[in-house]
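Okay, structure first, notes after.
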Amino acid sequence: MIATRARRWMVRGWRRRVLVAGTCAAIALNAVAFMQARAMVSWSEGAERTRGPEELSTLERIGVLVTGIQVPRPTNARTPADVGLEFDGASFDSASGARLAAWVLPADPALDRGVVVLCFHGYAAARASLLERAAVLHELGCTCVLVDFFGSGDSTGTGTTIGVREAYDVAAAVEFARHRFDGAPLVLFGNSMGAAAVLRAAGRLGLGSGERAVQGLALEGCFDTLGNTTAQRFHSMGLPAWPLAPLLVMWGGVAADIDGFDHRPVDDAGSVTAPTLMIHAADDRRVTEDQARALLEALGGWTRFALVPGAEHDRSFEKDPERWRAGFDALLTHVLANG
C-alpha cells in the first residue's frame, strides 16, 4: 500500500514537473516571439538598424532572437535634386490617419509619354530609396510621385503594418494623382512591402479592376503571404521556422492591431485584372521564386515576369538596371497601346 502511494506520488510529481516545464517553455517562447514582433512593427529611437539575417554571426543571430531587431525610424537623407531631377513637394491625408509627404517629379517635356507612376518604398525605408528607379522612369518619359508611407520619412505617424494599413496610403496617393493629373494613365509601382501594399489596395480597395482601376501595376520583390515571408527569414538564418514564425505573425498582429494571417497578397492578386509587371530577384532568400510565380499565376490580366539572375532581395535594380528598365518599358508600352 505504501509503495503504491509512493509510486502514485512520484507519477503525479513527474507530471507536475512536466506541466510546469512545458508552461514555462511556452511562456518563454511567446515572450521571445512578442519581443521580435513588436520590434519589427515599431521603430527604435536612437538605435542603429540591425543588419540582415544573412550578415549576422551565429552569436548575433541568437542575440537578435532574444531581444528582437532594432529598426530606427526611416528618414530621407536625399532629395530628387541629388540625382539631377526637378521636383515639387506635396502632401495629402490618408485613411491610415496620417498626413503623407510626397515628391512630384514632372516628366521631361521632350520625352513625356503622359503616364504618371506612383512609387511606394519597402519595409524600414522611405521615398528617397527609390530615387535611382525614379531617374530611370524619368528617362522613360514618366511623371513620378514618390510617397512616404505613414510612419516613414516625412509623413506623420509611427511604426508599420507591413503593407496592411499602407494600402490606404496607396489609395490616397491615387486620389491625389487623379485630381492633380486629370485623365492621365496611372501606374502603381511598389518595392517589397510597397508591392504588397499596392496589391492589397488593388485587390481590396478596388484599384486593380473595375471602374476605379488604375492602368497598370509594377511589383518588385513582392511576398505572397506574410506567413511565408516571415518563415523565409528564419530559413535564411538556417533556423526552423516553426513554431516561431506563426507566433511572430500572431504577436505582430497584436502589436500592430492587424490580422497578420489575413495579409495574403496572393489572394489579393486573384481579383486584379490590371496589366502587371513583376520583377523578381533570382537569388532572393526572403521571397522565393516559387512564391513570386504563385502571385503571377493568380493575376488575371496581362503580365510580364522579369527574373533578375544573381540578384538578392531588394537588389534587382542595382544588379541589372537595364533588365528593370526593359520590363517597365514593356508595361508602359502595353498601357499606352490599350488606352
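The values are calculated or read from the model by the stated rules, or taken from the named source; none is laboratory data. Everything numeric here is computed off the predicted structure, so don't read it as measured data. No Cβ is skipped: glycine too gets one built from the backbone with ideal geometry, and neighbour counts run over all protein chains shown. Keep in mind that these areas ignore ligands, DNA and RNA; they rest on the heavy atoms of the full protein, side chains included. Shrake-Rupley method; radii C 1.70, N 1.55, O 1.52, S 1.80 Å.
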1 or more residues in contact (Cβ under 8 Å) with a residue 40 or more places away in the chain, closer than 24 Å to ASP314 by Cβ and small (Gly, Ala, Ser): qualifying strands (runs of 3 or more DSSP E) within region 95-188: 99-105
Search result, residues across region 131-158 that are more than 24 Å from ARG113 (Cα to Cα) and surrounded by fewer than 18 Cβ atoms within 10 Å (Cβ to Cβ): ASP154, THR156, THR158
Among (1) part of a helix (DSSP H, G or I); (2) modelled with pLDDT of 95 or more, the one test that ALA255 misses: (2)
Considering residues of region 313-339 that are touching an Asp or Glu at 6+ places or on another chain (Cβ under 7 Å) and not aromatic (Phe, Trp, Tyr) only, the residue surrounded by the most Cβ atoms within 10 Å (Cβ to Cβ): SER316
Considering residues of region 203-215 that are within 22 Å of GLY253 (Cβ to Cβ) and either assigned to a helix (DSSP H, G or I) or not hydrophobic (A, V, I, L, M, F, W, C) (or both) only, the residue least open to solvent (accessible area, probe 1.4 Å): GLY203
Residue within region 247-260 that is touching a strand residue (DSSP E or B) at 6+ places or on another chain (Cβ under 7 Å) and open to solvent by 10 Å² or more (accessible area, probe 1.4 Å) present: no
Single unsatisfied condition, ALA218 versus (1) surrounded by 24 or more Cβ atoms within 10 Å (Cβ to Cβ); (2) among the small types (Gly, Ala, Ser); (3) in contact with a Lys or Arg (Cβ under 8 Å, 6 or more places away or on another chain): (3)
ASP283 touching a residue at least 12 places away in the same chain (Cβ under 8 Å) and within 19 Å of ALA213 (Cβ to Cβ): no
Flag for ALA33 being exposed (fewer than 13 other Cβ atoms within 10 Å of the Cβ), out of contact with any Ser or Thr (no Cβ under 9 Å at 6 or more places or on another chain), in a helix (DSSP H, G or I) and modelled with pLDDT under 85: no
